[in-house]
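What follows is a single structure, written as structure tokens, with notes after it.
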Amino acid sequence: MNEINVNPSKKTPVPIKTISKRMSGFCKTKDQKRTADISVEGSNSEEPNSGNFKIADSYTLAKQVRQVKPQKKRRKRRDVIFKKILRECRRFFQTKLTGLTGFVASKKPRKDDYMYNCMKKFNIESLGNQGTFEENFYLACLLYPQDLMRNLESFVTKIEDCDIDKEQLKKMYKGTAHKIHDTLYKYSHDKLDFFVSKPELSKLFCYFYEHGAAEEREDPKYSCEYSFIRSKCTTALGRKCSPFTSPSSTQQLSV
């Protein structure tokens, strides 16, 4: 019979038989767990038709079908297409203006008539116009509205026989330039109506339609919108689409 140690300061020694039993039980438990894990893995590999496998397989198949199935491309909104067309029109004339006059936009106000003279030269030599104030002003509005607003002084001084104060004229013309600028960036049907209501701008777009948009206007993605703007321009001009002609009148600008 084992002796009991009554001294609390000393630990009771564990019998050797007890230690051996514990170690054997631990090893058996570990081996059983390892065997159970192997059996589970074997059962999973041997049962491909289990519920989990079916769910995973159907999900993978559906994903592959979605990847193979062609997705329908959404057509761009009409307002986005209208803005794109008007910007293409502007870019077309900007390129031609630079090629003829070497015009370079500036972020600072100019002290001379450089911008006005470039617009006038382009109107006369490239478009066959008379180079009136209205033609030069609206051409500048379409191509470089922000540069124009910084140089309105040089434009306003070209107006003759006008009883309106120069500062008031500058304010009126600046508002017009803002509206045209917004048509290209903050489109609305009302702004497009304002755009085509100006004969000088409608004629510019008709010229672009005939000479600068030959390929783009035939593109099915944009052909309807090109025709729509052209129709509004020709209706505003009160004539059918015809080659660009110089205006016969020199009416004062209406804002």
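The values are calculated or read from the model by the stated rules, or taken from the named source; none is laboratory data. This structure is a prediction, so every number in the text was calculated from the model and none was measured. We place every Cβ from the backbone using ideal geometry, glycine too, and count neighbours over all the protein chains shown.
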The listed residue being surrounded by fewer than 12 Cβ atoms within 10 Å (Cβ to Cβ), modelled with pLDDT under 90 and not in a helix (DSSP H, G or I), out of 247, 243: 243
Between 192, 152, 169, which is of a type in the set (A, V, I, L, M), touching a Cys at 6+ places or on another chain (Cβ under 9 Å) and surrounded by 13 or more Cβ atoms within 10 Å (Cβ to Cβ)? 169
Out of 152, 204, 148, sole residue that is of a type outside the set (Lys, Arg) and more than 20 Å from residue 107 (Cβ to Cβ): 204
Long-range neighbours under 6 Å by Cβ, at least six apart or interchain, first residue outside any loop (DSSP other than H, G, I, E, B) within region 155-184, second modelled with pLDDT under 85 and of a type in the set (A, V, I, L, M): 172/255; 176/255
If you check every pair at least six apart or on different chains, which have Cβ atoms under 9 Å apart with a residue in region 72-89 that is closer than 15 Å to residue 219 by Cβ and part of a helix (DSSP H, G or I) first and a residue that is modelled with pLDDT under 95 and polar (S, T, N, Q) second? 82/183
Of the residues that make up region 181-197, is at least one under 14 Å from residue 150 (Cα atoms) and among the small types (Gly, Ala, Ser)? no
Please work out which residue is surrounded by the most Cβ atoms within 10 Å (Cβ to Cβ), limiting yourself to region 127-149 and to residues that are assigned to a loop (DSSP other than H, G, I, E, B) and either out of contact with any Lys or Arg (no Cβ under 6 Å at 6 or more places or on another chain) or among the acidic types (Asp, Glu) (or both). 144
Please find, within region 225-237, the residue that is surrounded by the most Cβ atoms within 10 Å (Cβ to Cβ) out of those that are more than 20 Å from the chain's Cα centre (by Cα) and among the charged types (D, E, K, R). 230
Among the residues of region 102-126, what is the count of those that are under 18 Å from residue 200 (Cβ atoms) and either among the acidic types (Asp, Glu) or in a helix (DSSP H, G or I) (or both)? 11
So in region 195-217, with the set limited to residues that are under 18 Å from residue 78 (Cβ atoms) and among the charged types (D, E, K, R), which one is surrounded by the fewest Cβ atoms within 10 Å (Cβ to Cβ)? 216
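One line per residue, one yes/no per condition, for (1) farther than 16 Å from residue 82 by Cα; (2) basic (Lys, Arg); (3) under 23 Å from the mean Cα position of the chain (by Cα):
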residue	(1), (2), (3)
162	yes, no, no
175	yes, no, no
180	no, no, yes
183	no, no, yes
189	no, no, yes
194	no, no, no
214	yes, no, no
220	no, no, yes
223	no, no, yes
Can you go through 98, 60 and tell me which one is surrounded by 13 or more Cβ atoms within 10 Å (Cβ to Cβ) and either modelled with pLDDT of 85 or more or not in a loop (DSSP other than H, G, I, E, B) (or both)? 98
